[in-house]
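Single-structure report; data block below.
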Amino acid sequence: QVQLVESGGGLVQPGGSLRLSCAASGTIFRINTMGWYRQAPGKQREFVATITSGGSSNYLNSVKDRFTISRDNAKNMVYLQMISLKPEDTAVYYCYAAQRGDYWGQGTQVIVSS
């Protein structure tokens, strides 16, 4: 089993920045893909960004010029640097990890509002 714990969410004004962090712990052999998904009120959970253990990343089109995903394999951490935040980025952000199955964190709330 892999446990994921997110941190770094909060309230930020439009145009502001936040950095989300996710720590993986438990029985870790080799986590292939880590990433972030989000779920806005009344909407389905959507993909935001993922990164492989080798550093290859993918992004949701609407965030690719504003968000940067990174990863520290030695620490089993994944990060999401978010800049130029917009109200439509408001959501609960979930950390994701793939290792012989899919694992999810409990989520961290991001609210972009003036």
Could you pull out the trypsin sites (Lys or Arg not before Pro) across the stretch 1-62 that fall in loop regions by DSSP (anything but H, G, I, E, B) with no more than 10 other Cβ atoms inside 10 Å?
Arg30, Lys43
Net charge of Cβ neighbours under 12 Å - reference Glu88; Lys, Arg +1; Asp, Glu -1:
+2
Run down the lysines and flag those whose C-alpha is under 17 Å from the C-alpha of Lys64, throwing out any fewer than 8 positions away in its chain.
Lys86
For the chain, size of Cβ-based charge dipole, Lys and Arg +1, Asp and Glu -1, in debye:
140 debye
Give me the net charge of Ile31's neighbourhood, meaning all other residues with Cβ under 14 Å from the Cβ of Ile31; Lys, Arg count +1, Asp, Glu -1.
+2
Round to a whole number: what % of the accessible area of the chain belongs to carbon and sulfur, probe 1.4 Å?
45 percent
For the chain, build the convex hull from the C-alpha positions and give me its volume per residue in Å³.
89 Å³
Report the calculated FRET efficiency for Arg66 and Asn32 (r = Cβ-Cβ distance, R0 = 25 Å), to the nearest 0.05.
0.45
Rolling a 1.4 Å sphere over the protein heavy atoms, what is the accessible area per residue of the chain, to the nearest Å²?
53 Å²
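The values are calculated or read from the model by the stated rules, or taken from the named source; none is laboratory data. Just so we're clear, the structure is a prediction, and the values are computed from it rather than from any experiment. Using ideal geometry, Cβ is built from the backbone for each residue, glycine included, and neighbour counts are taken over all protein chains shown. Quick note on the areas: whole protein, heavy atoms, side chains included, nothing else; ligands and nucleic acids left out. Shrake-Rupley method; radii C 1.70, N 1.55, O 1.52, S 1.80 Å.
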